[in-house]
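For reference, the structure discussed in these notes is given below.
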Amino acid sequence: MSDAPPPAFTQADIDAAAAHDARVRTVVAAERLHGRLTDEQGDLFALMATLRESAEEAMKTFAYADLSDTRLLQDLQARVFRFRVAYDTFAAAIEAGNQARMSIMDEARL
C-alpha cells in the first residue's frame, strides 16, 4: 500500500473547473464584443454601420439593375453577403456568451 496521499482533485474536478473557466471567458468575450458593437464611437459599431449602409444601397441598386450585368450583380451580392456574414458571426458569438451565462447560472443553482 502506498503512503502517498490521495489526490486533492480528481480529473473530473479539474475538467469541470476548466470547462467553467472556458464558459466565463466566453461570457467576458461576448460582453466585450457587445460593447464594441453598441458603442457609437467604437470600431465595430462603425464597421457594421458601413457594411449595413453598403448592403442597403446594394439592395436598392439591385431592384433596378440590368440582370445581364453579371459583374454588377456579383458586386451587389458580395456587399449584402459581407454584411450578413459579419452580422451572423457577431450574433453567434453573443449568443454563445448568453448560453454560457445561462450554464453558469444553472451551475450556481446546483
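Any residue in segment 87-99 that is within 18 Å of the chain's Cα centre (by Cα), closer than 30 Å to R25 by Cβ and of a type in the set (S, T, Y)?
Yes, some residue in segment 87-99 is within 18 Å of the chain's Cα centre (by Cα), closer than 30 Å to R25 by Cβ and of a type in the set (S, T, Y).
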Quick check, is L37 touching a Phe, Trp or Tyr at 6+ places or on another chain (Cβ under 8 Å) and within 25 Å of V85 (Cα to Cα)? yes
Among the residues of segment 62-76, the number that are surrounded by 12 or more Cβ atoms within 10 Å (Cβ to Cβ) and free of Cβ contacts under 8 Å to residues at least 12 places away in the same chain is 3
Test: R84 is at pLDDT 95 or above, closer than 30 Å to A22 by Cβ and not hydrophobic (A, V, I, L, M, F, W, C): yes
List pairs: first in segment 12-26 and under 16 Å from N98 (Cβ atoms), second among the small types (G, A, S) and surrounded by 11 or more Cβ atoms within 10 Å (Cβ to Cβ), Cβ under 6 Å, 6+ apart or cross-chain? R23/A100; R23/S103; T26/A96; T26/G97; T26/A100
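The values are calculated or read from the model by the stated rules, or taken from the named source; none is laboratory data. Remember, it's a predicted structure, so these values are computed and weren't measured experimentally. In this analysis, Cβ positions are derived from the backbone assuming ideal geometry, glycine residues included, and neighbour counts consider all displayed protein chains.
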